[in-house]
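Encoded as structure tokens, the structure appears first; notes follow it.
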Amino acid sequence: MRLLLVDDDALITESLAIILSKEPDFEVIGTCVNGAEAVAFVKDKPVDLILMDIRMPVMDGIEACAKIKSSHPDVKVVMLTTFRDFRHVHQALHAGASGYVLKSDSVKEQIETIKHAASGKAVISTEALEAFTRTKSDDLLTARENSCMELIAHGYANKEIAARLYIGEGTVRNVISTILDKLHLRDRTQIAIYYWQSEASKNTF
């Protein structure tokens, strides 16, 4: 498996290269210091999986992941980061990441996550998953935004939402735009899907 390591901290990439090279199935073929370099690297050389940090200069890992998955859908991307909050996990998965592992995780768990991601499974490390499931959209959205999202999920049109929330239709449109921006969604349909998935998760965890 050909691995590309992407992190602006040289110490991290050097340490990972040493550790991962000891695995018989792994071959570290390169390192990059930001997302832009990773995007360019994939264009020139075949890569099976990228282990990539989120916060980097020039281009962050989320943007780089989305660009790489768009042009090279077969390349697996695993985010390796210190961020364990809902927003970053959601952004990474939405961008097409196959895995999300924390730098604080054990080397064994990091390696297992890479192997699972390479086999086509979406994997989130235990600690990141706990953070993801503990945090609901309530922590990201205001009460009005949550109410609007719920009404959208139940099929109400903007005019009906405006009447129920005692606001103007223009305000409803603005609220919807804010929801889309905060949750990194594309349209009303995704808002509805997001709402019902969130409701389902409340009954699962």
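The values are calculated or read from the model by the stated rules, or taken from the named source; none is laboratory data. In this text, all values refer to a predicted model and were calculated from it rather than measured experimentally. Neighbour counts run over all protein chains shown; Cβ positions are idealised from the backbone, glycine included.
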Residue identified as at pLDDT 90 or above, loosely packed, with under 15 Cβ neighbours inside 10 Å and within 29 Å of I62 (Cβ to Cβ) among R173, R186, R164: R173
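Among residues belonging to the stretch 33-90 that are among the aliphatic types (A, V, I, L, M) and in contact with a Phe, Trp or Tyr (Cβ under 8 Å, 6 or more places away or on another chain), point out the one that is nearest to S198 (Cα to Cα).
Only one residue tops the list, namely V89.
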Return the only residue of K45, K22, K67, K76 being among the basic types (K, R) and buried (at least 21 other Cβ atoms within 10 Å of the Cβ). K76
Among the strands (runs of 3 or more DSSP E) lying completely within the stretch 1-87, list those that include at least 2 residues that are assigned by TED's automatic domain parsing to the domain that holds S98, in contact with a Leu (Cβ under 7 Å, 6 or more places away or on another chain) and at pLDDT below 95. 76-81
Note down all Cβ pairs under 7 Å where the first residue falls in the stretch 178-200 and is polar (S, T, N, Q), the second is part of a loop (DSSP other than H, G, I, E, B), and they're at least six residues apart or on different chains. S198/K136
Mind checking which residues of the stretch 79-103 are surrounded by 18 or more Cβ atoms within 10 Å (Cβ to Cβ), of a type outside the set (G, A, S) and either more than 19 Å from L185 (Cβ to Cβ) or in contact with an Asp or Glu (Cβ under 6 Å, 6 or more places away or on another chain) (or both)? M79, L80, T81, F83, R84, V101, L102
